[in-house]
Amino acid sequence: QVQLVESGGGLVQAGGSLRLSCAASGRSFSRSTVGWFRQAPGKEREFVAARRWNGGSTDYADSVKGRFTISRDNAKNTVALLQMNSLQPEDTAVYYCAAGQRGPYSSPQGYDYWGQGTQVTVSS
């Protein structure tokens, strides 16, 4: 069974940091672009960041540029990491990791596999 499992969410004060991890099982994602999305209550799922498998180039939503960093660690079966610094209350959402080969990678439609999500709550 192919699975992506996020971890690392939690409650943090504004200005704090969290690091999210996405572990994979059931297949290799070494040739898949990985991405992070988030969804706040009453809002649509929105793109946060993506890292392409071929070359490792990254893309970020304007709202997180300079604060969030996406990376991966294939050696530990961790297909996606998201380091989040200078967190703000507006970053509060459920964060999802995703993997895919179709693109466009700023859209949920570009991904084939999704995790269940991890809650990030930033208090003011």
**Report entry** Dipole in debye (nearest 20) - the chain, about Cα centre, beta carbon charges: Lys, Arg +1; Asp, Glu -1
**Finding:** 360 debye
Query raised in the report: What does the accessible area of Lys43 come to, in Å² to the nearest 10, when a probe of 1.4 Å is used?
Result: 140 Å²
Report task. Give the residue from Thr33, Gln88, Asn54 lying farthest towards the positive end of the charge dipole for the chain; charges sit on Cβ (+1 for Lys and Arg, -1 for Asp and Glu) and the dipole is referred to the Cα centre. Result -> Asn54
Query raised in the report: Counting only protein chains, not ligands or nucleic acids, how are Tyr60, Tyr95 ordered by accessible area (probe 1.4 Å), most first?
Result: Tyr60, Tyr95
**Report entry** the chain: radius of gyration and largest Cα-Cα distance (Dmax), Å
**Finding:** 13.3, 40
Query raised in the report: So how far, in whole Å, is the C-alpha centre of segment 1-17 from the one of segment 28-65?
Result: 14 Å
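Roughly to the nearest percent, how much of the accessible area of segment 69-110 is carbon and sulfur, given a 1.4 Å probe? Intermediate values should be presented prior to the final figure.
Details: 870 of 1880 Å².
Carbon with sulfur: 46 percent of the solvent-accessible area.
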Query raised in the report: Label points 7 Å out from Cα along the Cβ direction at Ser57 and Ser124: separation in nm?
Result: 3.8 nm
Query raised in the report: Roughly how many Å² is the accessible area per residue of segment 84-124, as a whole number, for a 1.4 Å probe?
Result: 46 Å²
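The values are calculated or read from the model by the stated rules, or taken from the named source; none is laboratory data. Only a predicted model underlies this, so the values are computations on that prediction, with no experimental measurement involved. Glycine gets a Cβ as well: all are built from the backbone with ideal geometry, and neighbour counts include every protein chain shown. The protein model used for the area step is the full one, side chains on, heavy atoms only, and it has no ligands, DNA or RNA in it. Shrake-Rupley method; radii C 1.70, N 1.55, O 1.52, S 1.80 Å.
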